[in-house]
Amino acid sequence: MKLSSQSSLTVVIPEKATSRELFAAQELEKYLKIIFKGISVSIVTDSNDVSGDRIIIGGPERNIKTAEYISEADYVIVESTYGNRVHELPPDYAVELAGVLKDTFIRGGNLVIPAFSVGRTQEMLYYLRRIKTENLLPEYPDFEAYVDSPLSVEATNV
């Protein structure tokens, strides 16, 4: 399957979805809409009347013996590395970063974030973009961000 801005995707979560599964579905929806501008993404609990491609999400709380039967899926996303453990929801890093930025700007400072690896830089740019687009720092809406790494700039341009 090749995704495009004209694609229609449905993210299917269990009827009794955990907060992690719902969080994962919402993050996936946001990510897909950023990557594929104009893509239609919906989150449902019943996959019977789904048109378009299906992405099934299941979290670490799912027990293989009691899991719901899935008859059809284009993609299945499950966590299995530490499947025998219950994990806490991660903090909202964009909100946390917005707080750090606000404290820094109030003191008249600049924030330097070492991000030497490809991937980490793009992750930080993602959080900075969320801060701006979601207006998480309304006191400083036009703050500037610079990436001073030729490799990271090249990777970001790809």
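The values are calculated or read from the model by the stated rules, or taken from the named source; none is laboratory data. From a predicted model like this one, the values you see are computed outputs, not experimental measurements. Note that we place each Cβ from the backbone using ideal geometry, even for glycine, and neighbour counts take in every protein chain shown. Surface accessibility is based on the protein's heavy atoms, side chains included, excluding ligands, DNA and RNA. Shrake-Rupley method; radii C 1.70, N 1.55, O 1.52, S 1.80 Å.
Points to keep in mind about this one:
- Checking the Cα-Cα distances for LYS16/LYS132; LYS33/LYS132; LYS33/LYS102; LYS37/LYS132 against a 22 Å cut-off, the pairs over it are LYS16/LYS132; LYS33/LYS102.
- Exposure ranking of VAL147, VAL41 by accessible area [1.4 Å probe, largest first]: VAL147, VAL41
- Summarising the label geometry, the points placed 7 Å from Cα in the beta-carbon direction at SER19 and ILE113 lie 2.5 nm from one another.
- Between GLU134 and ASN157, the modelled labels are 3.0 nm apart [label points 7 Å from Cα along Cα→Cβ].
- Residues of segment 17-31 falling in the label zone of TYR75, defined by backbone nitrogen less than 13 Å from a point 7 Å along Cα to beta-carbon, are 25-31.
- Take TYR140: with every protein chain present and a 1.4 Å probe, its accessible area is about 70 Å².
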